[in-house]
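One structure is given here, and the rest of the page talks about it.
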């Protein structure tokens, strides 16, 4: 026998289960073989971790140290030089700087001399001669060029002639004057330099 009121009471006490509106997503997990790859991959090697890199670094440091030492020695020799050599880079560089500061105003930036000067121009004309391969200095000795720069041109001319060449005895040291001589010789072509060396040896 059915009892309607009992059915209603049971329905109130235990409502039927309801289906959720949205089903929860199932989290997916990607499984990889990273552990296996880490074991197969060689360990990371940092900078200088092998002997080849260490050797290259040491060789570079030694080369830099030697170069710096040679430059310091060359500069020291240039600052105490007692002769002129066109094969000394530091002395030539010193001479180039000094030439541009003290000589280029009269003799030209490229040692071309006064624009009206010619190889047969007399000294009495007072025109600054060129100091390139056309210069009378090519047939002079190192010592003669040195003394012309240091003491000026007047001591080497007759009293009746006036020289425009100033003396740098109190402006430049002997080593600096030798630097200018070295620079001039460095800029001369081989033929002119050969003539100059013959003059140094006293050969005609």
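The values are calculated or read from the model by the stated rules, or taken from the named source; none is laboratory data. A quick note: this is a predicted structure, and the numbers were derived from the prediction, not measured. All Cβ positions, even for glycine, are placed from backbone atoms using ideal geometry, and neighbour counts span all protein chains on display.
Residues are listed down the side, and each one gets a yes or a no for (1) over 32 Å from the mean Cα position of the chain (by Cα); (2) assigned to a loop (DSSP other than H, G, I, E, B); (3) surrounded by 15 or more Cβ atoms within 10 Å (Cβ to Cβ):
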residue	(1), (2), (3)
118	yes, yes, no
127	yes, yes, yes
133	no, yes, yes
155	yes, no, no
Boolean, residue 94 is over 27 Å from residue 201 (Cβ atoms) and crowded, with 17+ Cβ neighbours inside 10 Å: no
Can you tell me which residue within segment 69-91, out of those that are under 18 Å from residue 169 (Cβ atoms) and surrounded by 20 or more Cβ atoms within 10 Å (Cβ to Cβ), is modelled with the highest pLDDT? 84
Does residue 161 qualify as being over 19 Å from residue 200 (Cα atoms), in contact with a helix residue (DSSP H, G or I) (Cβ under 6 Å, 6 or more places away or on another chain) and part of a loop (DSSP other than H, G, I, E, B)? yes
Neighbours by Cβ (under 6 Å, 6+ apart or cross-chain): first from segment 180-200, more than 15 Å from residue 84 (Cα to Cα); second surrounded by 13 or more Cβ atoms within 10 Å (Cβ to Cβ) and modelled with pLDDT of 95 or more: 189/133; 192/133; 192/138; 195/138
